[in-house]
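Peer 1: One structure coming up, written as structure tokens, with questions to follow.
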Amino acid sequence: VNGTGRDGFPAPPRPAMSSPERISAVLGAAMGHDGPDAAWAARLCQVCVDFLPVQGAAIALMSKAHHLQTVGASKDAILGIEQIQVTLGEGPGVEAFDSRGPVLVPDLGATAGSRWPMFAAALTGSAIGAMFAFPLELGAIRLGVLDLYRHQPEALSGPELATALRVSQAVTTSLLEQGDDARFDEVHGSWLDGSASSREVNQATGMVLAQLDISIEEAYVRLRAYAFSHNRLVADVAADVVARRLRFHPHAEKDAG
Amino acid sequence: MHDQGMIRQEQLVEAFVGLADTLVADFDVVELLQRLVEDCVRLLDAAAAGLLLADQRGSLQVLASTTEQARLLELFQLEADKGPCLACFRTGAPVLVPDLADHPGRWSQFATKARQEGFASVHALPLRLRTQVIGALNLFHTHTGAMTADDLAVGQALADVATIGILQQRAVARSHALSGQLQSALNSRVIIEQAKGVLAERANLDMDEAFTALRGFARNHNRKLVDVALGVIEGRSPTPDRAPS
């Protein structure tokens, strides 16, 4: 539905709300192959603003010290609010990250004061009416959070929420693929699905964690790196790990089967 | 003297009271769904049961099943991609396949594989919230024949409990939060798979044993399965049944 937005702001063209393929294509182009820097984050946040009835978006990622750090936003004002949230350590995005689930606040004015008093105070006069926060995660692997900001205090519809979740999963996938040459479409279709092979990838990730005594994030990267350096599918390598045909050894440059 | 009907009624009451007991504040949705598929097998004389939920892309994913065996999970997934489960999800109505041998054309790949695994019939029941279908409950039997109307009613009631459980997980049953709830539930499943891997490696268990160990530990310590799984992954909690290596 185009024309004037329900919230009184001019509605951006959103022809692809019902087309996951188009969103994937646009996201793929926005992600490119560069790292998670401010320009990268700003491009992805712009996709959110283009495709969803939100007026701002921001991405914060987990630092080595397990703290959230703002990476980028769709515009400077949003970047400022996001930085306040991360600095205060409270707000919907921080809660989504900590609780490992989306935090949807359709009416920030009604709830923020009691849930996040310092953040609510900082928002005064900012014209933010609603916030929707989505953790960037794959199981126990936590990368950060995607925060969407809306002027009007209004919920996202079911299809809009589905789009937001799709974007957050795509961003997660992209972050997990950093350094690979894999095409976005390829990975998007196969990595986060529930097929038996992705179950094995998740199980293998846990096994590699135990074999090398490393974090779950690092284990996932090691598993993928092995597959790419041996020109194999990660699902096949995972199957070998789960079947105990392949082990990862600490201090070994080449893992032996 | 108890007749079959009485025994069954007692079993049913026991099952639903047990399920109701888990629906307390901040309960463990994965554990609830696991109990539910196990109740299905026990009460409905099924050989295997699986509960599948739709993700935000509309693909169905196995969230709970009575088996962790990879080849049976593949069968559930095949049913979800190209079988009765998908038809049930799309129409929101039960799909009954009393004899898998009678469906050579429709779902042929699924029917062939299901029969190879020794199953003769399959029933898929929708997980419905008002007009929205969020997933399906699947029951496999080793004998042919449609489930009785009574059994189907029990199966549907169990499916409804699952829906309520998933949606009430954070006391947010409003439809706008639905996808978020499903997302959290599906991510919990990924966490459990990762933890199974850690445990399988550390304690030299197969995946089925690893799951049983995780679950037993969670029950004995009155903790959520997903929290125990996170503890195992992050090395925060003592690993259940950790064997000296």
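Since every read-out is calculated from the coordinates, none of them should be taken as a lab result. As the structure is a computational prediction, the values presented were derived from the model and not from experiment. Using ideal geometry, Cβ is built from the backbone for each residue, glycine included, and neighbour counts are taken over all protein chains shown.
Peer 1: Counting partner chain Cβ atoms within 10 Å of every residue's Cβ in A:126-137, what's the average?
Peer 2: Per residue, the average neighbour count from other chains is 1.
Peer 1: Given labels modelled 7 Å from the Cα in the Cβ direction, how far is it in nm from residue B:132 to residue B:204?
Peer 2: 4.8 nm
Peer 1: Semi-axes of the equivalent ellipsoid of the range A:86-156: what are they in whole Å, largest first, if each equals the square root of 5 times a C-alpha gyration tensor eigenvalue?
Peer 2: Listed largest to smallest, the semi-axes of the range A:86-156 are 21, 13, 9 Å.
Peer 1: Could you list log10 I(q)/I(0) for the range B:27-86 at q = 0.12, 0.21 Å⁻¹, which the Debye formula gives when each Cα is one point scatterer?
Peer 2: Taking Cα atoms of the range B:27-86 as identical point scatterers yields -0.28, -0.84.
Peer 1: What shape does the range B:183-224 have by the C-alpha gyration tensor, where a ≥ b ≥ c are the square roots of the eigenvalues, rounded means a/c under 1.5, and otherwise prolate means a/b greater than b/c and oblate the rest?
Peer 2: Note, shape of the range B:183-224 comes out oblate.
Peer 1: Take every residue in peptide B:182-189, count the Cβ atoms of other chains within 10 Å of its Cβ, and give the average of those counts.
Peer 2: If you average over the peptide's residues, the count of other-chain Cβ atoms is 5.
Peer 1: Determine the sum of side-chain charges near residue B:75: Lys and Arg each +1, Asp and Glu each -1, restricted to other residues whose C-beta is under 9 angstrom from that of residue B:75.
Peer 2: -1
Peer 1: Per 10 Å bin, what percent of the C-alpha pairs of the range A:34-86 does each bin hold, from zero upward?
Peer 2: 28, 52, 18, 1
Peer 1: Would you kindly work out the equivalent ellipsoid of the range B:12-165 from its C-alpha gyration tensor and give its semi-axes, the square roots of five times the eigenvalues, largest first in whole Å?
Peer 2: 24, 17, 14
Peer 1: Taking the range B:98-165 on its own, what percent of its Cα-Cα pair distances exceed 20 Å?
Peer 2: 37 percent
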